[in-house]
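Input: a single structure, listed below in structure tokens.
The values are calculated or read from the model by the stated rules, or taken from the named source; none is laboratory data. These numbers come from a predicted model, not from an experiment. Here the Cβ positions follow ideal geometry from the backbone for every residue, glycine too, while neighbour counts run over all protein chains shown. Note: areas computed on protein heavy atoms with side chains; ligands, DNA, RNA excluded. Shrake-Rupley method; radii C 1.70, N 1.55, O 1.52, S 1.80 Å.
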Amino acid sequence: MADWTGVAGKRVVITGATNGIGLEAATALGAKGAKLTLVARGQSKAKVAVDRIEAAGGRGVEVILGDLSRQSDVRRVAAELLERCPRIDVLVNNAGAIFATRQLTEDGVEMTWAVNHLAPFLLTSLLLDRLTASAPARIVTTASDAHRGAKGIPFDDMGSVGSYRARGFARYGETKLANILFTQELGRRLQGSGVTAYCFHPGFVATGFNRNNGALMNLGMTLARPFARTPEKGAETLVWLCENPDVSADNGGYFQDCRRIAATTAGQDADAARRLWEVSESQVGAQPRNWNA
């Protein structure tokens, strides 16, 4: 397998890049010479993001629009990426959200789970052949230390039906645990393919995150802002994982502040990771892949 040589000239696909750490990472990667494709929900925010990235030195930024809570949109986005991109060197699964009240997507899936876990699971699955053909390639997923509040994946209540009001943030933690287990299992399955997978905790970052859950939560985020990291600081590990050649041996790892760290015991549960993969395939209607693992 060829050595990793940074991001200059490489095709980097990134979701959730119109604000927060995603925008900061895209701006930094564009300035380093990456060829960027942003996956965004709306045209107006995407245009602002592209203008900022190009003002910082990025060139030829492309945009594909899609609502990642909808599996049909994830599939359409993947089809457009495969049509436009002869190779994909880096896939960054950064889009995420938290919802204080239980909501269902048009697919009948609880919204936080759909956006934070199933969307990256499905998008990665659909792009995996192109990533493998582009090897060496990388998959980077934004996780969180919020996973430390999750005891495990609630396989007996995947729709989070029970007392969601008390579990809004707990549900978010479950999805972040899912990101870590997904990365662990993905790394295991990708051994020997030339594609490596990583996830990371950006820290508590001052962004627009969690501003969609009412006045009280908005106030809480405002009061906490002085103690938060800047989006630029929060994006550092993401950018580092995209370009640093020295992490190739850490396939499946969880990172913070540009170093590998240990997830919780639940985040290292290989049996749960395998079971989550199978359940996720069922939830997105994916045909099991013939893995050489």
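Identify, from the list Arg148, Arg171, the residue that is modelled with pLDDT of 60 or more, open to solvent by 40 Å² or more (accessible area, probe 1.4 Å), part of a helix (DSSP H, G or I) and closer than 26 Å to Leu91 by Cα. Walk me through how you get there before you give the answer.
Values: Arg171 fails: open to solvent by 40 Å² or more (accessible area, probe 1.4 Å).
Just a single option satisfies the conditions, and that option is Arg148.
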**Request:** Please enumerate the residues belonging to segment 245-292 that are open to solvent by 90 Å² or more (accessible area, probe 1.4 Å) and of a type in the set (Val, Ile, Thr).
**Result:** Thr265
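Restricting to segment 214-256, what's the tally of residues that are in a loop (DSSP other than H, G, I, E, B) and either touching a Ser or Thr at 6+ places or on another chain (Cβ under 8 Å) or modelled with pLDDT of 70 or more (or both)? Quick ask: steps written out before the conclusion?
Keep residues of segment 214-256 that are in a loop (DSSP other than H, G, I, E, B), which gives 214, 228, 230, 235, 244, 251-252.
Okay, now just the ones that are also either touching a Ser or Thr at 6+ places or on another chain (Cβ under 8 Å) or modelled with pLDDT of 70 or more (or both), so 230, 235, 244, 251-252.
Matching residues across segment 214-256 total 5.
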**Request:** Pull up segment 155-167, narrow it to residues that are at pLDDT 65 or above and touching a helix residue (DSSP H, G or I) at 6+ places or on another chain (Cβ under 9 Å), then point me to the one that is nearest to Leu104 (Cα to Cα).
**Result:** Gly159
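What do you reckon, is Ala95 out of contact with any Pro (no Cβ under 9 Å at 6 or more places or on another chain) and buried (at least 22 other Cβ atoms within 10 Å of the Cβ)? Give the steps one after another, and end with the answer.
Details: out of contact with any Pro (no Cβ under 9 Å at 6 or more places or on another chain): no; buried (at least 22 other Cβ atoms within 10 Å of the Cβ): yes.
No.
Does Glu106 satisfy the condition of being part of a loop (DSSP other than H, G, I, E, B), surrounded by fewer than 14 Cβ atoms within 10 Å (Cβ to Cβ) and at pLDDT 95 or above? It would help to see each step written out before you state the result.
Working: part of a loop (DSSP other than H, G, I, E, B): yes; surrounded by fewer than 14 Cβ atoms within 10 Å (Cβ to Cβ): yes; at pLDDT 95 or above: yes.
Yes; evaluated as a whole, the condition is true for this residue.
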**Prompt:** List, please: which pairs have Cβ atoms under 6 Å, are six or more places apart or on different chains, and start with a residue in segment 58-74 that is of a type outside the set (D, E, K, R) and end with one that is surrounded by 21 or more Cβ atoms within 10 Å (Cβ to Cβ) and in a loop (DSSP other than H, G, I, E, B)?
**Reply:** Leu68/Ala95; Val74/Leu68
**Asked** Just to be sure, is Ser44 within 21 Å of Leu127 (Cα to Cα), open to solvent by 20 Å² or more (accessible area, probe 1.4 Å) and among the hydroxyl-bearing types (Ser, Thr, Tyr)?
**Response** no
**Hits in segment 14-26 - residues which are touching a helix residue (DSSP H, G or I) at 6+ places or on another chain (Cβ under 6 Å) and surrounded by 24 or more Cβ atoms within 10 Å (Cβ to Cβ)** = Ile14, Gly16, Ala17, Thr18, Ile21, Leu23, Glu24, Ala25, Ala26
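If the requirement is being of a type outside the set (D, E, K, R), in contact (Cβ under 8 Å) with a residue 40 or more places away in the chain and under 22 Å from Pro202 (Cβ atoms), which of these qualifies: Val39, Val77, Val48?
Values: Val77 fails: under 22 Å from Pro202 (Cβ atoms); Val48 fails: in contact (Cβ under 8 Å) with a residue 40 or more places away in the chain.
Result: Val39 is the single residue among Val39, Val77, Val48 that is of a type outside the set (D, E, K, R), in contact (Cβ under 8 Å) with a residue 40 or more places away in the chain and under 22 Å from Pro202 (Cβ atoms).
On the basis of being in contact with a helix residue (DSSP H, G or I) (Cβ under 7 Å, 6 or more places away or on another chain) and either farther than 26 Å from Trp240 by Cα or not β-branched (Val, Ile, Thr) (or both), does Ser144 make the cut?
Details: in contact with a helix residue (DSSP H, G or I) (Cβ under 7 Å, 6 or more places away or on another chain): yes; either farther than 26 Å from Trp240 by Cα or not β-branched (Val, Ile, Thr) (or both): yes.
Spelling it out, Ser144 is indeed in contact with a helix residue (DSSP H, G or I) (Cβ under 7 Å, 6 or more places away or on another chain) and either farther than 26 Å from Trp240 by Cα or not β-branched (Val, Ile, Thr) (or both).
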**Message:** Of the conditions (1) within 18 Å of Val239 (Cβ to Cβ); (2) among the small types (Gly, Ala, Ser); (3) open to solvent by 10 Å² or more (accessible area, probe 1.4 Å); (4) touching a residue at least 40 places away in the same chain (Cβ under 8 Å), Ala34 satisfies every one except a single condition; which number is it?
**Reply:** (3)
